[in-house]
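S.K.: The structure that follows is given in the form of structure tokens.
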There are 2 protein chains.
Amino acid sequence: MQSPHDYIDQNLERFRAELLDWLRIPSISARPEYASDVRRAAEWASRSLADAGLNASVEETAGNSVVIGEWRGAGESAPTVLIYGHYDVQPAEPLELWTSPPFEPQIRDGRVYARGAVDDKGQCFLHVKAIEAHLRTRGRLPVNVVVLIEGEEEVGSGNLLPFVRDNASRLRADAVVISDTSMIAPNVPTIGASLRGLVYTEIIVDGPAHDLHSGTYGGTVMNPATALARIIATFHDDDGRVAVDGFYDAVDPDEEYRRLIRGLPFDEATYLAETGAPALAGEAGYSTLERLWLRPTLEVNGLVSGYTGEGPKTVLPSRALAKVSCRIVPNQDADTIAELLRAHVHRHVPPGVEVSVRVLQGGQPWRARFDTPLYAAAARALERAFGKAPVYAGEGGSIPIVPAFEEVLGAPVLLMGFALPGSNTHAPDEWMSLDNFDRGLHAAAALLDEIGH
Amino acid sequence: MQSPHDYIDQNLERFRAELLDWLRIPSISARPEYASDVRRAAEWASRSLADAGLNASVEETAGNSVVIGEWRGAGESAPTVLIYGHYDVQPAEPLELWTSPPFEPQIRDGRVYARGAVDDKGQCFLHVKAIEAHLRTRGRLPVNVVVLIEGEEEVGSGNLLPFVRDNASRLRADAVVISDTSMIAPNVPTIGASLRGLVYTEIIVDGPAHDLHSGTYGGTVMNPATALARIIATFHDDDGRVAVDGFYDAVDPDEEYRRLIRGLPFDEATYLAETGAPALAGEAGYSTLERLWLRPTLEVNGLVSGYTGEGPKTVLPSRALAKVSCRIVPNQDADTIAELLRAHVHRHVPPGVEVSVRVLQGGQPWRARFDTPLYAAAARALERAFGKAPVYAGEGGSIPIVPAFEEVLGAPVLLMGFALPGSNTHAPDEWMSLDNFDRGLHAAAALLDEIGH
């Protein structure tokens, strides 16, 4: 009998071609004008699950659909694995910085370049094809499987949690597996140790009722752009610490995790080169990995006010807008941090303007439970695919559903990611390594065996 | 013989219709894509001058053309008046805030609404038609006239000064007349007492080589948007004073002008309502009119960084840009202020980003010479048109060529403007009062007589 791993090796080219098809669909959940593409991507995912041999369906929610694939043939005594991914992608702007168009996938230098290549279509697809490999060779899976692919991860998964709560018995699982994170370095298989939570806000400063001539009126009203800058300047002290009152009160110092982080191989020069920044920076007293995984942050994600086109325009803007988000860590709470930020902004509004703070997205932080059988199985599966034992590494980003899965389903979550540093997720020229696509397929197939043993 | 004033009254409707034609041409000098419209507006102006009876030509420069109209029949002993205006207009954004489209002029409630209605096509046109009225009725003008209509006023008049220098003998004049300013209130004829100069800069903060994921990288590099905000926050102290070292060193306190300003009728509540701001603000220790005319300012004209579309996007921007301009007063110097600003920015750059400051536009401040015969003639002409003596009022804006005319041609400049407060120059729904269009025509016609007496 052919093994699932032989099947993967023999069908690798076809798997790649199928992935490129999926990547051609601009399923940008943040933009209402892409709603029909979002829908198409869901249907594509559902067909792909059915082709793999799962019982597939597209389930409606109050927002974008959830795609479900099920296989329950391992019996009631076998464990059930819930595999989660998302078919929606980030907006692709700025378009002019892409080497090839974001939704015309191109293979260059051993990489697939496209929006969603690695976040998360490319990674999610590994599990679909690993399941296909098992079912086409052995006619069965070693475990019961539920695949759940959602369409709102990039906008906060607002409708997923209600869906999970409403379908808790159908989604009941002994383990949750997610491939939406990064390896710490090429050829270093990595299991996710932590995620930061997210509090994403929009701050709007309103001054004059309409844009004014900056000569005819300049100097007599508070300029909203200046006011916004003055507010933003209060967010950090000169040591890079967030200066919002109470911001760090709940932070777990987690000395054990700090020791684990210190033991990891990390090349700061390579990391700096990836960013292309003139220098690294951040909160005084912490290393780069600690700043990423152990410490909360406050970042400006966007700014806009007045005239931003070519040449001079002498306008005094009527409004200024900032997108500002915090990454939070255990035991910070997203709602509490949102309120602290809102109170801070209102305390620092200069006279002569009005300010509103709107929370666009929130998600809680998470730490992995290393002491579960799931983590032992994952370590063996990764060692089979990569020829070496995995390391445990944090992730600075957020996957809002991870802490929610543990809470609602009571099952541990495993983050087994195959992105690489510098993959440009959320930026132009996002890519996935073809070598990791290959190894990821084998790891995903092996994981089903290791959990089923 | 019919008088020029009768002719104006009888042709008012036609004059309006002709102005609307000119306003339909989107001659936006700040935008290269409108170059052919800018050219069309110049040719339109030249035809209009020829129709009025002037010897008209379109003169090339290194940038947009200068339109010249000449009539030299008053003899060598008669004075020569140079009338200056501009056919270029500001960009019209934000388009969605216009009640009617900016380049489809509409008459509503006794006003012409269009980009350029009052800045400066509508005002410039008054002089062309006043000349036509004289020539069609009396066959001659009481003075020699040169009309100069340029196409780069809204982008700093960069090519005008070289043109004026190169054509100094042809443009030689005893008086320069410009209608590009505002009356202090409806039915209060106003002569311009001062203009502020302008230093317009673009500040660019560069951090990472490309946009980064704000989770995967957040907290480890200096955020350029945060850095820009921190720089902008240093521009003013808490009393609204500009905190750039040396900024006020050269400012002439001009107590005589301050006394004149105190004597003017000024309704602060009306002014506040015009701005639509929650409250007036500005430099402590000065009144609103002093802040506008006597004191220099620093304003943010535009801000942009990162993601500014709908919804959340978790990006750490690679670049942040601000447009920042200063209005300056006697005896400040534009180049000196640009250098002080540049030095201030570089002193306040946070570590981890790179900053550049580019000067886009500069122009010197100006004060009127009340003690010249030109000002007495203007006072009489305005009294004839409005039935009351004019007041002298400053203007917070800048007309870069005014101080340059005085320097190169050695002739005093008169600012006789017919805009009204709230005209929305440089903003959506720019308008010109039809009543002022009518009275402005009579004032312009009378001015030629009064200078020629």
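The values are calculated or read from the model by the stated rules, or taken from the named source; none is laboratory data. Keep in mind the model is a prediction, meaning the values are calculated, not measured. Here the Cβ positions follow ideal geometry from the backbone for every residue, glycine too, while neighbour counts run over all protein chains shown.
S.K.: Out of everything in region B:275-316 that is more than 7 Å from chain A (Cβ to nearest Cβ) and either among the hydroxyl-bearing types (Ser, Thr, Tyr) or over 25 Å from the mean Cα position of the chain (by Cα) (or both), what residue ends up being nearest to A:Thr425 (Cα to Cα)?
M.R.: B:Ala284
S.K.: Please work out if A:Val359 is assigned to a strand (DSSP E or B), of a type in the set (Val, Ile, Thr) and under 21 Å from the mean Cα position of the chain (by Cα).
M.R.: yes
S.K.: Further, regarding this structure: It is to be established whether one or more residues within region A:261-269 are at the interface with another protein chain (Cβ under 10 Å from one of its Cβ atoms), surrounded by 15 or more Cβ atoms within 10 Å (Cβ to Cβ) and either modelled with pLDDT of 95 or more or under 30 Å from A:Pro390 (Cβ atoms) (or both).
M.R.: no
S.K.: Among A:Arg327, A:Arg295, which is the only one that is touching a residue at least 40 places away in the same chain (Cβ under 8 Å) and assigned to a loop (DSSP other than H, G, I, E, B)?
M.R.: A:Arg295
S.K.: May I ask you to say which residue of B:Asp249, B:Asp245 is surrounded by fewer than 21 Cβ atoms within 10 Å (Cβ to Cβ), without any contact (Cβ under 8 Å) to a residue 60 or more places away in the chain and more than 25 Å from the chain's Cα centre (by Cα)?
M.R.: None of the other options fit; the residue is B:Asp249.
S.K.: Testing B:Leu198 on (1) more than 8 Å from chain A (Cβ to nearest Cβ); (2) more than 30 Å from A:Asp238 (Cα to Cα), one condition comes back false. Which one is that?
M.R.: (1)
Residue-by-condition table, conditions (1) touching an Asp or Glu at 6+ places or on another chain (Cβ under 9 Å); (2) in contact (Cβ under 8 Å) with a residue 60 or more places away in the chain; (3) assigned by TED's automatic domain parsing to the domain that holds B:Leu171:
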site	(1), (2), (3)
B:Arg31	yes, yes, yes
B:Arg47	no, no, yes
B:Ala52	yes, yes, yes
B:Ala62	no, yes, yes
B:Glu70	no, yes, yes
B:Pro91	yes, yes, yes
B:Pro101	no, no, yes
B:Leu126	no, yes, yes
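S.K.: Another one. So if I check each of B:Leu20, B:Leu97, B:Leu12, which one is surrounded by fewer than 20 Cβ atoms within 10 Å (Cβ to Cβ) and within 14 Å of chain A (Cβ to nearest Cβ)?
M.R.: Only one candidate passes the filter, namely B:Leu97.
S.K.: Regarding region A:435-453, can at least one residue be identified that is modelled with pLDDT under 95 and surrounded by fewer than 20 Cβ atoms within 10 Å (Cβ to Cβ)?
M.R.: Yes, that holds for at least one residue.
S.K.: Let me ask something else. Which pairs have Cβ atoms under 8 Å, sit 6 or more apart or on different chains, and link a residue in region B:217-240 that is farther than 27 Å from A:Phe266 by Cβ and basic (Lys, Arg) to one that is modelled with pLDDT of 95 or more and assigned to a loop (DSSP other than H, G, I, E, B)?
M.R.: Qualifying pairs under 8 Å: B:Arg230/A:Ala233; B:Arg230/B:His348; B:Arg230/B:Pro350.
S.K.: If I ask for residues that are more than 16 Å from the chain's Cα centre (by Cα) and β-branched (Val, Ile, Thr), which ones from region B:412-453 would you list?
M.R.: The one that is more than 16 Å from the chain's Cα centre (by Cα) and β-branched (Val, Ile, Thr): B:Ile451.
S.K.: Output yes when any residue across region B:409-419 is modelled with pLDDT under 95, in a helix (DSSP H, G or I) and assigned by TED's automatic domain parsing to the domain that holds B:Asn159, and no when none is.
M.R.: Yes, there is a match, as at least one residue in region B:409-419 is modelled with pLDDT under 95, in a helix (DSSP H, G or I) and assigned by TED's automatic domain parsing to the domain that holds B:Asn159.
S.K.: Which of the following residues is in contact (Cβ under 8 Å) with a residue 40 or more places away in the chain and farther than 19 Å from A:Glu18 by Cα: A:Ser179, A:Ser157, A:Ser169?
M.R.: So the residue among A:Ser179, A:Ser157, A:Ser169 that is in contact (Cβ under 8 Å) with a residue 40 or more places away in the chain and farther than 19 Å from A:Glu18 by Cα is A:Ser157.
S.K.: Of all residues in region A:370-398, which are within 22 Å of the chain's Cα centre (by Cα) and not in a helix (DSSP H, G or I)?
M.R.: Within region A:370-398, A:Phe370, A:Pro390, A:Val391, A:Tyr392, A:Ala393, A:Gly394, A:Glu395, A:Gly396, A:Gly397, A:Ser398 qualify.
S.K.: Then there's this: Which of (1) of a type outside the set (Phe, Trp, Tyr); (2) under 30 Å from B:Pro278 (Cβ atoms); (3) within 25 Å of the chain's Cα centre (by Cα) is the odd one out, the single condition A:Asp237 does not satisfy?
M.R.: (3)
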